Structures are given as C-alpha cells and as structure tokens.
Amino acid sequence: MTEQNTLQSFFVKYKKWFIALLGIQLIPVMLLITLFGGGAIYLYVNNDINFHPYKSYIASGFRAGHSDGIKDYTGVKVPWSLWQKYASQTRKLKEKVALEKKEYLAKFPESERGVKLAEMRIDNIKLPLQVEFDKRFKRGIDFYADFVDQRVQRKNFKSDKEYKEALEDEAWKAGYACGYREGSSGYSFNAAQLSFR
C-alpha cells in the first residue's frame, strides 16, 4: 500500500511536468502539419491554372494529345507546333537583347560601364528589344491561353454559357494538338517547358 501510494503521489506531484513533456512533443507535429497545409495552400493559390477559366482544359488536352501521340509514334520528324516556333523566336530575341545591351554599354568608357549597368537596373531602364522581350510569353500555357482568346470572340455568341463552352472546347483542342505533335514526334512529356504541371 505504501508503494502504491508513493507511486500515485509521484504522478500527482509531477503531473504538470508530464503534461509539459507531452506538449513539447506535440509542438513539432503541429508545426509539421502547419507547414504541409500552408505549402499546399500556397501552391494552389499561386498556380494560375486553378483560377484561369480554361487553362486547365489546355493542360488536360495536352496530356490526352501527348498520350495519343505516343501511341501513333512513327519516328518521322513532325513540324514544329505554334508554341515551339514562338519559343524559338523568343530565344533568338533573347540573344539579340544581350547583344543590344552589350553594344549600348560599349558606347561608354570601360570605367563607366558598371555604373551605367547599375543605373539601368536601379532606374529600370530598358532598351527597345528588352521591352519587346518582356512582352513575350515565357510559358506555353500562357501562349495557348492568348491563342484561344484570339480565336474565340465574345461577340460571336449569344449567351455566356455558349461562349464559355466554346472557350473550353477551343482550349482543349489547342492543348491536344500541341500534345499530340510532341507525343507523335517522340518527345518526352515536356511539361516543364510548357508549364502544364
């Protein structure tokens, strides 16, 4: 009886310490849950496919077209898609931008070039080709969203429902065509470049 009383009194005496130890173990678990939950919310909010009315249709069309294209792969070289032509022009323009910047800085004495470059960055001064380059699409999904916007005009439809369905249909077709072309030419799923993930 004395032993039980001693053991029971021990737990009663140090009850607050046991609760504190349990609480200390819960803190990392709660932080981990908060980290994963916050990360998931952050990724969802910053993924504009979730908020754009039809970018998800472009992405799903691309995936479907890519898988169908792989099934029909013949090994024959396929012409470039609209996005590949556009991306190629963008890469060439980027090279011209670097050359234009180099030529601009070459006008100044070597000792002043660093200062001029710093002024350009601080004052956000852009040369003409840089301005043109900044207006270009950097991701395929944005390129095709703009393509769909140009192809489907609101004035051609009587109701918003018809317009929305036409946008979704055209977006899926554009994504499918691009995906099929990539799949049938043997390219691996290039979602990183097209930003469809």
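Only residues that are touching a residue at least 40 places away in the same chain (Cβ under 8 Å) and among the β-branched types (Val, Ile, Thr): list them for the stretch 103-141, please. Show your work before the answer.
So the first thing to find is which residues in the stretch 103-141 are touching a residue at least 40 places away in the same chain (Cβ under 8 Å), and the list is 133, 136-141.
Across the stretch 103-141, the qualifying residue is only Ile141.
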Subset of the stretch 128-166, residues more than 18 Å from Gln89 (Cβ to Cβ) and part of a loop (DSSP other than H, G, I, E, B), comes to Val152, Gln153, Phe157, Lys158, Ser159
Take the residues of the stretch 150-173 that are farther than 23 Å from His66 by Cα and surrounded by 14 or more Cβ atoms within 10 Å (Cβ to Cβ): which is farthest from the chain's Cα centre (by Cα)?
Phe157
Name the residue, out of Ala87, Ala145, Ala118, that is of a type in the set (A, V, I, L, M, F, W, C), under 30 Å from Tyr180 (Cβ atoms), in the same structural domain as Gly179 (by TED's automatic domain parsing) and out of contact with any helix residue (DSSP H, G or I) (no Cβ under 7 Å at 6 or more places or on another chain).
Ala87
Among the aliphatic types (A, V, I, L, M), at pLDDT 80 or above and part of a helix (DSSP H, G or I), is that true of Leu26?
yes
Give just the number: which of (1) among the acidic types (Asp, Glu); (2) free of Cβ contacts under 8 Å to residues at least 24 places away in the same chain; (3) surrounded by 15 or more Cβ atoms within 10 Å (Cβ to Cβ) does Glu100 not satisfy?
(2)
From the list Ile125, Ile141, which residue is of a type in the set (Val, Ile, Thr), under 30 Å from Tyr54 (Cβ atoms), in contact with an Asp or Glu (Cβ under 9 Å, 6 or more places away or on another chain) and surrounded by 11 or more Cβ atoms within 10 Å (Cβ to Cβ)?
Ile141
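Determine which member of the set Tyr176, Tyr163, Tyr180, Tyr187 is modelled with pLDDT under 85, in the same structural domain as Lys102 (by TED's automatic domain parsing) and among the aromatic types (Phe, Trp, Tyr). Walk me through it before giving the result.
Working: Tyr176 fails: modelled with pLDDT under 85; Tyr163 fails: modelled with pLDDT under 85; Tyr180 fails: modelled with pLDDT under 85.
One residue alone meets the criteria, Tyr187.
The values are calculated or read from the model by the stated rules, or taken from the named source; none is laboratory data. These numbers were taken from a predicted model, which means no experiment stands behind them. Glycine also receives a Cβ, built like all others from the backbone with ideal geometry; neighbour counts cover every protein chain displayed.
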